[in-house]
Structures are given as C-alpha cells and as structure tokens.
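The values are calculated or read from the model by the stated rules, or taken from the named source; none is laboratory data. Every value quoted in this text rests on a predicted model; they were computed, and no experiment measured them. Ideal geometry is used to build each Cβ from the backbone, glycine not excepted, and the neighbour counts take in all protein chains shown. Please note that ligands, DNA and RNA were not included when accessible areas were found on the heavy atoms of the full protein model with its side chains. Shrake-Rupley method; radii C 1.70, N 1.55, O 1.52, S 1.80 Å.
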Amino acid sequence: MKKQELLALHHCVFRLNYHLVLTTKYRRKVITPQMMSRLSEIFGDTLAKWGCQLVEFNGEEDHVHLLFESTPAVQLSKLVNNLKTVSSRLIRRDFPVEIRKVYWKPVFWNRSYCILSAGGAPINVIRRYIEN
C-alpha cells in the first residue's frame, strides 16, 4: 500500500481533499464547452488565491465537479461562497449572450451546493485504528 504524502504548515501536517458539486440555477442546461474551459481557469485561479489547488475539474451542462486540496486555515463555507460569486460574475460577464438566453436575472449557480471530504482511509478503517 502506498503511503500518503502529507503537506505541512509551521504548526501542523495535513492532507485535506474535497469534492465540490455546484449546480446551475434551476438546473438549466446552460454550460457550454467554452464556459466549462473558462470555469476551470476561474476555479483554478480562485483556489490558488486561497492557498488551495484544483486537482480535477469536469462537469456537464447543468453542474460541475471540483476536486481540490485545501489547508486547515481555510473556512470552507467562505471559500465555496467566493468560488460561486467570482465564477458567476465572470461567466456572466464573459458569456452574456448565452446566459441571457436562459436567465433574465443576474444568476448562475443554485444557492445550494454539495461538498464531501475525499481521500484517505474509509471511516471503518479509521474507526478500527482508533479502537485499537
């Protein structure tokens, strides 16, 4: 079994990976291949500003998946809010014609999101480790 590499700050070691799923408002199928490419850039740049790293990105016409690494200093709710705000603003700016075909208000993302911790050992393995 391959040993997991850990990252370090001056006071801790860690490996924090998250899977974030964002859906478009009303699950409208608005995301084009060009938008998908631009979203990848926007998310990568925004995460870098937060000291995070985009590991993988993909999606479909009505939703996107981000796999990213974070540090313990990041407050996830604030990060997700920033990712949604920045990407919505820039996508609406860069693709006004495509967006206006679907949305009449300045919206892009659904208010809700899904974020899951990813990587590491399964819960039952951790539970057995702690028990023993």
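Odds and ends about this structure:
- Residues in region 93-132 that are in a helix (DSSP H, G or I), open to solvent by 70 Å² or more (accessible area, probe 1.4 Å) and either within 18 Å of LYS29 (Cβ to Cβ) or touching a Gly at 6+ places or on another chain (Cβ under 6 Å) (or both): 2 in all.
- Among all positions in region 69-77, there is at least one residue which is at pLDDT 95 or above, assigned to a helix (DSSP H, G or I) and not β-branched (Val, Ile, Thr).
- Verdict on VAL74 being closer than 25 Å to LEU6 by Cβ and open to solvent by less than 80 Å² (accessible area, probe 1.4 Å): yes
- Cβ pairs under 9 Å, 6+ apart, first in region 112-132 and among the β-branched types (Val, Ile, Thr), second part of a strand (DSSP E or B): ILE115/TYR18; ILE115/HIS19; ILE115/LEU20; ILE115/VAL21
- Tallying residues that are of a type in the set (Ser, Thr, Tyr) and either in contact with a Phe, Trp or Tyr (Cβ under 7 Å, 6 or more places away or on another chain) or under 14 Å from VAL30 (Cα atoms) (or both) within region 74-92 yields 2.
- Exactly one residue out of PHE68, PHE108 is touching a residue at least 40 places away in the same chain (Cβ under 8 Å) and touching a Cys at 6+ places or on another chain (Cβ under 9 Å), and it is PHE68.
- Matching residues in region 1-60 - criterion: being in contact (Cβ under 8 Å) with a residue 60 or more places away in the chain, over 17 Å from ASN81 (Cβ atoms) and among the aromatic types (Phe, Trp, Tyr): TYR26
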